[in-house]
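Heads up: the structure comes next, in structure tokens.
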């Protein structure tokens, strides 16, 4: 990738720098988050989005939060400060499990340090947190590459691949999840076409997926969400690959609203449907997709477009950000650890 979706600038007194995805593709600008409130807002307002990228942002968000620690605080005081701010960051978005996974990992690292160094050593405490956040970021990049290597075989020569929303480099610290197999296949010189759903209401497919695939030189065609059945019926699609924000123990997967419909269409037309996601996206404490909390977002995302109202004033709006694709409609889940074909609770647990 010729761009970095997010990166940490400096040492323990540094800041988190993000590509502001709210204004792509019209403008390419970076946003520096220097307070925990700015990190929270970046996640909430989708300046940064995509489950893996949210997780990495949360890790660095903890480091940003620690900069407001009172001078002279003890390690135990620092731990208390961390846990309060981690709880605050956890309120930014409810569905992407990577957010909570990363925050839990940062808390575990902090508690481990505090148990061994309860007196003094606050600067070392902060350095340990930054190193943990760097590790989360580094592992995310490695995970993306591994998913691509494990999944590129599903993209055949002269095939057509449909994807929904954005699960590419803009959604991770690396080269993406759902788009990673496409980047690997492209790197191998394979010829194929990508059909990107625009992904209403916020057009992540049109604004982000089409933009980054174009930047990478991948053959991409943008379609409206309600054109997916047409390109499938016309034989233009031979595989569907999407990402996921949370995967239950049985393989049910929450992803951007509209993914469930795409999976049903793929099954109807006999097209394999793949989910590409890291192991951190699995939530084994949830038995099925029925238990996954679904974020409902502001009605204005549906009633306005580019700042212009496109619906009657005061109309009722239902705006869930995600839906759940049942495991029975998923051909395989591509992870950094391997591929789970026809996912079940037993297969997932084993891997």
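Each reported figure results from applying straightforward, stated rules to the coordinates on display, with no laboratory input. Source: prediction; values computed, not measured. Don't worry about glycine lacking a Cβ; one is built from the backbone with ideal geometry, like all the others, and counts go over all protein chains shown.
What residue among 140, 225, 245 has the largest mean-square fluctuation in a Gaussian network model of the chain, using Cα springs under 10 Å?
225
Contact order normalised by length for the range 153-350, with contacts defined as Cα pairs under 8 Å and 6 or more residues apart; what percent is it?
Relative contact order comes out at 20 percent.
If each of residue 157 and residue 104 carries a label point 7 Å out from its Cα toward its Cβ, how far apart are those two points in nm?
In this crude spin-label approximation the distance works out to 4.5 nm.
Could you check the simple spin-label distance between residue 131 and residue 215, using points 7 Å along Cα→Cβ, in nm with one decimal?
3.2
Could you work out which residue, out of 97, 218, 315, moves most in a Gaussian network model of the chain, that is, has the largest mean-square fluctuation with Cα springs under 10 Å?
Fluctuation is largest for 315.
Test of understanding: ordering 194, 317 by Cβ neighbours within 10 Å, fewest first, what list do you get?
317, 194
In what order do 49, 109, 22 fall by count of nearby beta-carbon atoms within 10 Å, going from fewest to most?
On the way: 49 27, 109 21, 22 16.
Ordered by Cβ neighbours within 10 Å, fewest first: 22, 109, 49.
In nm, what is the difference between 0.36 nm times the number of residues separating residue 74 and residue 234 and their Cα-Cα distance? Before the final figure, lay out each step's value.
On the way: separation 160, 0.36 × 160 = 57.60 nm, distance 6.56 nm.
My answer for the length gained is 51.0 nm.
Calculated FRET efficiency, residue 224 and residue 13, Cβ-Cβ r, R0 45 Å, to nearest 0.05? Spell out each step's value before the answer.
Values: r = 47 Å, r/R0 = 1.04.
With R0 = 45 Å, the Cβ-Cβ based efficiency is 0.45.
I'd like the antiparallel share, as a percent to the nearest 5, of DSSP beta bridges with both residues in the chain.
In the chain, DSSP labels about 50 percent of beta bridges as antiparallel.
By the gyration tensor of its Cα atoms, with a ≥ b ≥ c the square roots of the eigenvalues, what is the shape of the range 153-350: rounded for a/c under 1.5, prolate for a/b over b/c, or oblate?
Here the range 153-350 falls in the oblate category.
Using Cα springs under 10 Å in a Gaussian network model of the chain, which residue among 100, 273, 113 shows the largest mean-square fluctuation?
Among 100, 273, 113, the largest mean-square fluctuation in the Gaussian network model of the chain belongs to 113.
According to the square roots a ≥ b ≥ c of the eigenvalues of the Cα gyration tensor, what is the shape class of the range 6-146, taking rounded for a/c under 1.5, prolate for a/b larger than b/c otherwise, and oblate for the remainder?
Verdict is prolate for the range 6-146.
Under a plain spin-label model, where a point goes 7 Å from the Cα along Cα-to-Cβ, how far apart in nm are residue 351 and residue 41?
Each label point is offset 7 Å from its Cα along the Cβ direction, giving 4.0 nm.
In degrees from 0 to 90, rounded to the nearest 10, what is the angle of the helix 97-116 Cα long axis to the longest principal axis of the chain?
20
Relative contact order for the chain using alpha-carbon pairs under 8 Å, separation at least 6, rounded to a whole percent?
16
Most exposed first by the Cβ proxy, i.e. fewest other Cβ within 10 Å, how do 179, 213 rank?
Ranked by crowding around the Cβ, least crowded first: 213, 179.
May I ask what percent, to the nearest 5, of DSSP beta bridges between residues of the range 153-350 are antiparallel?
Close to 40 percent.
Contour minus end-to-end for residue 308 and residue 288, with contour as 0.36 nm per residue of separation and end-to-end as the Cα-Cα distance?
3.3 nm
Quick one, which of [x] 68, 52, 39; [y] 56, 47, 36; [z] 122, 48, 44 is the actual Cα extents along the principal axes in Å calculated for this model?
Evaluating Cα extents along the principal axes in Å on these atoms matches [x].
May I ask you to compute the full-extension gain from residue 111 to residue 83, defined as 0.36 nm times their residue separation minus their alpha-carbon distance, rounded to one decimal in nm? List each step's numbers first, then the result.
Details: separation 28, 0.36 × 28 = 10.08 nm, distance 0.98 nm.
Between residue 111 and residue 83, full extension yields 9.1 nm more.
Give the separation of the Cα centroids, the range 100-118 to the range 129-178, in Å.
27
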